[in-house]
Amino acid sequence: MTRFTKADLEAARDRLVPDVVADGLRVLFCGINPGLMTAATGHHFARPGNRFWPVLHLSGFTPRLLKPAEQGELLSYGLGITNVVGRATARADELSAAEYVEGGQLLSAKVTRLRPRWLAVVGVTAYRAAFGDRTAGVGPQERVIGETRVWVLPNPSGLNAHWTAATMAEEFARLRAAADGEEVTAGLSP
C-alpha cells in the first residue's frame with residue numbers, strides 16, 4: 001500500500017469517492033462517510049485499522065479476504081458500498097446534523113433507484129442521525145425503503161472497541177443469512 005504523508009491525506013479532505021453499486025444487489029453496505037485514507041486511495045474502508053474487509057470475509061460474504069483496491073469484486077457477490085455523507089473528513093464528528101439528514105434523504109433516493117434487497121448501515125449513530133431514529137440498535141430495522149429492508153451493523157472502525165472482529169463477524173453473518181433467505185437467530189450484544 002502506498003504511504004501517504006499528512007499533507008497527502010489533508011489534500012484528500014472533502015473529496016468524493018465513487019460508489020461501488022449496481023441494480024438489484026443482495027446487500028448495499030453504507031458507511032458513514034469516506035475517511036481521508038479512503039479519499040486518498042479511492043477505495044472504501046481503506047484505513048489499515050478498519051475491520052470492514054476482514055469482517056466481510058469472516059462472516060462469509062466473500063470467499064477470501066479482499067483488499068480495499070479489490071472493491072469492484074464485491075459486485076460479483078451481489079454486494080456494493082456507498083456512504084451516508086459523500087465528502088471525506090478525518091473524523092465523522094466533523095459532519096453536521098444537517099449533512100446526516102440530507103445524506104439520509106439522498107441515500108433513500110439511491111436505494112429506491114437501485115433496489116438492493118438489504119441496505120446495511122455500518123454505524124448505529126450514523127443511522128440514527130440520518131434517519132431520525134434515536135432508538136435504533138444493531139440488527140434488522142422496521143424501516144423499509146421501497147422494498148429494501150434495512151439492517152444496522154456495528155461500525156468496523158478500529159476505534160470501535162465495543163465490538164471485536166469476531167462479534168462483528170457474527171452480526172454481519174446474521175445479515176448474510178437474512179440476505180440469503182435463511183432464518184436469522186436472535187441478536188447479539190457486543
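The values are calculated or read from the model by the stated rules, or taken from the named source; none is laboratory data. Since the structure is predicted, the reported quantities are computational estimates derived from the model, not experimental observations. Because the Cβ atoms are built from the backbone with ideal geometry, glycine has one as well, and the counts that use them run over all protein chains shown. Quick note on the areas: whole protein, heavy atoms, side chains included, nothing else; ligands and nucleic acids left out. Shrake-Rupley method; radii C 1.70, N 1.55, O 1.52, S 1.80 Å.
For this structure, a couple of remarks:
- Options (i) 9.9; (ii) 13.7; (iii) 12.0 - which one matches mean projected area of the Cα convex hull in nm² as calculated here: (i)
- Here the accessible area of the chain is 53 percent carbon and sulfur, with a 1.4 angstrom probe and all protein chains present.
- Per residue, region 1-144 exposes 49 Å² of accessible surface when a 1.4 Å probe is rolled over the protein heavy atoms with every protein chain present.
- Cα gyration tensor shape for region 78-185, rounded if a/c is under 1.5, else prolate or oblate: oblate
- If both residues of a DSSP beta bridge must be in the chain, then about 30% of such bridges are antiparallel.
- The slack in the chain from residue 69 to residue 5, taken as 0.36 nm per residue of separation less the alpha-carbon distance, amounts to 21.1 nm.
- Placed amide H near residue 119: partners under 5 Å, 5+ positions off or other chain: 28, 149, 150, 151
- Descending by average beta-carbon neighbour count within 10 Å, the peptides 30-38, 99-107 line up as 30-38, 99-107, the highest first.
- Per-peptide average of other Cβ atoms within 10 Å, ordering 130-136, 118-124, 148-154 highest first: 118-124, 148-154, 130-136
- Segments 39-47, 56-64 sorted - mean Cβ within 10 Å per residue, highest first: 39-47, 56-64
- Top of 50, 83, 155 by mean-square fluctuation, Gaussian network on the chain, Cα under 10 Å: 50
- For region 77-82, the Karplus equation 6.51 cos²θ - 1.76 cosθ + 1.60, evaluated at θ = phi - 60°, returns couplings of 9, x, 10, x, 9, 9 Hz by residue, with Gly and Pro reported as x.
- Each residue of region 120-136 was assigned a 3J(HN,Hα) from its phi angle through the Karplus expression (A = 6.51, B = -1.76, C = 1.60, θ = phi - 60°), giving 10, 8, 8, x, 5, 5, 5, 4, 4, 5, 6, 10, x, 10, 5, 9, 4 Hz with x at Gly and Pro.
- Computed on region 71-177, with alpha-carbon pairs under 8 angstrom and 6+ residues apart, the relative contact order is 21 percent.
- Relative contact order of the chain: 25 percent, from C-alpha pairs under 8 Å at least 6 residues apart in sequence.
- Stretchable slack from residue 109 to residue 76, in nm (0.36 nm times residue separation minus alpha-carbon distance): 9.5 nm
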